[in-house]
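The block underneath contains the structure these notes are about, expressed in structure tokens.
The values are calculated or read from the model by the stated rules, or taken from the named source; none is laboratory data. In this text, all values refer to a predicted model and were calculated from it rather than measured experimentally. Cβ coordinates were reconstructed from backbone atoms using ideal geometry, including for glycine residues, and neighbour counts include every protein chain displayed.
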Amino acid sequence: MYVVLDVETKNLGSDIMKDNEQILSIQLGDAIKQELYYDSKDPLWTLAMGKKRIASLLSQGHIFAGYNVKKFDIPLLKQFLGVEIPESSIFELSETPKVTELNKMKKYRLEEVCAECGIDVGHKLKMSEKAEKYKVRQDIKAQADAKAKDLVKNKGWSLDFALRYVLDKIAGGHAIFDAYLEFVESGGQKNTLFYEYAIGDVIAEYQLLKALKY
């Protein structure tokens, strides 16, 4: 049995790994049911319960699937929550033959692979729209400018490309974290942007699993 595993983190920087500060939520799901664990006042949906749920699924022989789950979600679960998932219990969507072939041309993001497979990722657009307002904040622009200059120096990127890249990452991180705070304040309402975004990824990745595996 396959279950999609996904996490959201607090990351207000431009490095997708080094700038993570904490796990905000753990999402699990398949074609029928999706679950979201976070800093909830309801003891059934805390991060601690999320850890127990992963352990239970492991003991039942489930395989955890996800896009870049090996390089992002699973390492961060281990770093911040001490969760360990063996290699034999992981199915990495980005290593499937179709995605491997696509990546010969360029590095495909989840949204782009989903588009190739006809899978809707409209939930991503809503968060991107929220992120736009952060791109004009002076503190974020200053942070992005400094980091972009580092990337130009260290990676040889053009300044325009580097600035767009880091500004997208920083603004996106702020949008996700602020949406998370709104979600917590709402008591975990399912009609909030954060819930739709986090669970939207699980649904899209499970559809992608079916498209790539079968």
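Being of a type in the set (S, T, N, Q), under 29 Å from ALA142 (Cα atoms) and surrounded by fewer than 22 Cβ atoms within 10 Å (Cβ to Cβ) is the requirement here; does ASN11 meet it?
no
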Checklist line | Conditions (1) in contact with a strand residue (DSSP E or B) (Cβ under 6 Å, 6 or more places away or on another chain); (2) outside any loop (DSSP other than H, G, I, E, B); (3) touching a residue at least 40 places away in the same chain (Cβ under 8 Å); number of the one not met by SER40 | finding: (2)
Note to self: Can you find a residue that is closer than 15 Å to ILE176 by Cβ and not in a strand (DSSP E or B) anywhere in region 79-93?
What the structure shows: no
Notebook entry, point to check: In the set GLU21, GLU101, GLU35, which member is out of contact with any Ser or Thr (no Cβ under 9 Å at 6 or more places or on another chain), outside any helix (DSSP H, G or I), surrounded by fewer than 19 Cβ atoms within 10 Å (Cβ to Cβ) and without any contact (Cβ under 8 Å) to a residue 24 or more places away in the chain?
Noted result: GLU35
Next item on the list: Scan region 184-197 and report the pairs whose first residue is part of a helix (DSSP H, G or I) and crowded, with 20+ Cβ neighbours inside 10 Å and whose second residue is at pLDDT 95 or above and among the aromatic types (Phe, Trp, Tyr), with Cβ atoms within less than 6 Å and a gap of 6+ or a chain change.
Entry: PHE194/TYR180; PHE194/PHE183; TYR195/PHE183
Notebook entry, point to check: So is ASP120 surrounded by fewer than 20 Cβ atoms within 10 Å (Cβ to Cβ), of a type outside the set (Ser, Thr, Tyr), out of contact with any Lys or Arg (no Cβ under 6 Å at 6 or more places or on another chain) and assigned to a helix (DSSP H, G or I) or not?
Noted result: no
Notebook entry, point to check: So which residues in region 147-158 are modelled with pLDDT of 95 or more and surrounded by fewer than 13 Cβ atoms within 10 Å (Cβ to Cβ)?
Noted result: SER158
Note to self: LYS135 - would you say it is of a type outside the set (A, V, I, L, M, F, W, C) and under 19 Å from LEU208 (Cβ atoms)?
What the structure shows: no
Next item on the list: Give just the number: which of (1) farther than 22 Å from MET17 by Cβ; (2) touching a residue at least 12 places away in the same chain (Cβ under 8 Å) does ALA175 not satisfy?
Entry: (1)
Next item on the list: Return the total of residues in region 48-86 being closer than 21 Å to GLY200 by Cβ and surrounded by 21 or more Cβ atoms within 10 Å (Cβ to Cβ).
Entry: 10
